[in-house]
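Report on the following structure.
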Amino acid sequence: MEWNYRKAAGILLFIGSTQFILGMLTAEALYADYSVSLNYISDLGVGSTALIFNSSVFLLGIMVVAASFFIQRLFDFKLLSTFMFLTGIGAMGVGLFPENFGMLHTISSLFAFLFGSLSTIASFKLQKAPLSYLAIILGFLSLFSLVLFGSGVYLGLGKGGMERMIAYPTLLWAVGFGGYLIGSSENS
């Protein structure tokens, strides 16, 4: 049974985050005059790329929520599974409530970003070094970037660039942690 939970959680995290990264890149390429520096990520959720972006981020959310249940059953680690669950709910909210929904979108984005960062940090307990250290670094980079972004400090990256400094570390962690779970066994 443990193998099933471990592999299922890993596959869900790996596929969910990978398909979202590819969906976001596709939407960026198709969105006329899109700038990763000047545009918010969620600008991709309105207009001609809305179907691609919103369905991709919603699917990411579903997969993270599902993975959180397997993580809880496997490790009985309520902190991580709760953070992951809230991350997934936030991502689903971003897909359901694009940026033209105002406050609902803002709250959903905050959930995805904040609890994604916290999930990344909390996962250190379940991984061996050096992955455990990388999870902490990526999580704190994302969390620090969220604070800067919320303060309007973009470090010359523009609002879109700083927003990516929140999102990318967590997405990269999800791909890596998913692969770690897929490739590891109970005794790893």
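Below are the figures for this structure:
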read-out: Overall Cα dimensions of the chain, principal axis frame, Å, largest first; value: 50, 31, 27
read-out: Cross-link table 7/159; 128/159; 78/128, entries beyond 30 Å C-alpha to C-alpha; value: 7/159; 128/159
read-out: Dipole in debye (nearest 20) - segment 2-183, about Cα centre, beta carbon charges: Lys, Arg +1; Asp, Glu -1; value: 580
read-out: Euclidean distance of C-alpha centroids, segment 58-76 and segment 130-188, integer Å; value: 18
read-out: Cα gyration tensor shape for segment 96-188, rounded if a/c is under 1.5, else prolate or oblate; value: prolate
read-out: Cβ-based net charge around residue 181, under 9 Å, with every Lys or Arg adding one and every Asp or Glu removing one; value: +2
read-out: Sorted largest first, extent of segment 41-121 alpha carbons per principal axis (Å); value: 42, 20, 16
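Since every read-out is calculated from the coordinates, none of them should be taken as a lab result. A quick note: this is a predicted structure, and the numbers were derived from the prediction, not measured. Glycine gets a Cβ as well: all are built from the backbone with ideal geometry, and neighbour counts include every protein chain shown.
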